[in-house]
Each structure stands twice: as structure tokens, then as C-alpha cells.
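Note sheet for the following structure.
Bear in mind these aren't lab numbers, they're just calculated from the coordinates by the rules spelled out. Computed from a predicted model, the values in this text were never measured in an experiment. Every residue, glycine as well, gets a Cβ built from its backbone with ideal geometry; the counts of neighbours run over all protein chains shown.
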Amino acid sequence: GGFNSKDQINQAKQQLSKRVATLVGDFSSLTDYQKIEKANKILIDNVTYSFCNEQENLNKEPFIRTAYGSLVNGFAVCEGYARGLKVVLDYMGVENQLVNGYLLSNEGAYESHMWNYVQIDGVWYGVDLTWDDPIVIGGLKKNTISHDYFLKGSLTFNRTHNISNTISENGMKFTY
């Protein structure tokens, strides 16, 4: 999977831009809080979490770690959710960052994870769409979006989310 030419890449960029504009619609009268709330709902309503193992995912949906995968194709893992949210918030002019790190799972192990930080009135808050999505687990789907990890501070996030400042294979560092 993937793109094989510059034309395919340019076409995908146009698809993504058009999709974001369609999903977002008019946001001119919204506060930053309302924009973030709308972006959160857009992603959760339009993305299905991909539960397959890594190789099955890449064969079935090679873009699950991208904004294109989440917003155009509708399938993602945490990285795709976070990148999709970043694209939507950038489009609406909300200051935000991707956050790379580790998540303490229900089994007590740390797993690689990605989420977002957003800024409202000069204060940064965490948003973890993956954990707030009423995704299907064991055939059951929660009826409502959780807000357990929506605009929360460090007291909530530091219990389960550990930031890694290494953001690439070559060891590039980023300070949050």
C-alpha cells in the first residue's frame, strides 16, 4: 500500500483538504473550546479504530497512522486519530501539538501511544481521542463519547500517559 507517485500524493492532499472542509463546515462563530469539541466529535464520529495486528493493518489499511487514514479512509490507530485531530484543529486555527509517549495499559504494561495537547487562553490541555472513542470492545460499543481524556490537565494524564521526548527514529528530541 501507499502512494507510488507525486500525482497520487497531490491527489491525496486535495482529498484530505476537501474532506476536512466538508467535515468542519462553518466554524467562524465558535470559541476555541467549541472548536476543539467539534473537532473531537468529527474524529470520533468518522473514524473506526483498527484492532487488527500490525501486519494485517498495513495490508488492509496502510494509512492507519496518518491523518489521511483517519479522515479520508475512516480507519486509524492512536497515531492516526492524533494526526487527524491536529489537521482539523490547524484548519480551525487552534494552537495544538502532537504528543508522543507511552500509555499504561489495563494490563499494567506501557505501550507506544500518541495524543494531543491543545491551547485555550494560553493554557495547555491534553486530549486523547483514542481513549474517549466509544470503540467496539468484545462486540460492545459505548453509546456516548467519553470525556475522561478531553481537555484534561497533568493530574489526569500523568496517571496513565508518559511523554517521550524522542519523536523520530534518528533520536530527534522535542521539549514539551
- Query: Expressed in nm to one decimal, what extension gain is obtained for the pair T48 and L104 from 0.36 nm per residue of sequence separation less their Cα-Cα distance?
  - Reply: 18.0 nm
- Task: For segment 9-25, take each phi angle, set θ = phi - 60°, evaluate the Karplus expression 6.51 cos²θ - 1.76 cosθ + 1.60, and give the result in whole Hz per residue in order, putting x for glycine and proline.
- Result: 5, 5, 5, 5, 4, 5, 4, 5, 4, 5, 5, 4, 4, 5, 5, 6, x
- Task: Go through 17-26, 61-70, 4-13, 87-96 and give me the packing order, highest mean Cβ count within 10 Å leading.
- Result: 61-70, 87-96, 17-26, 4-13
- H113 long-range amide H proximity, modeled H, under 5 Å: G101, Y102, L103
- Query: FRET efficiency for N158 and K13, Cβ-Cβ distance as r, R0 = 35 Å, nearest 0.05?
  - Reply: 0.45
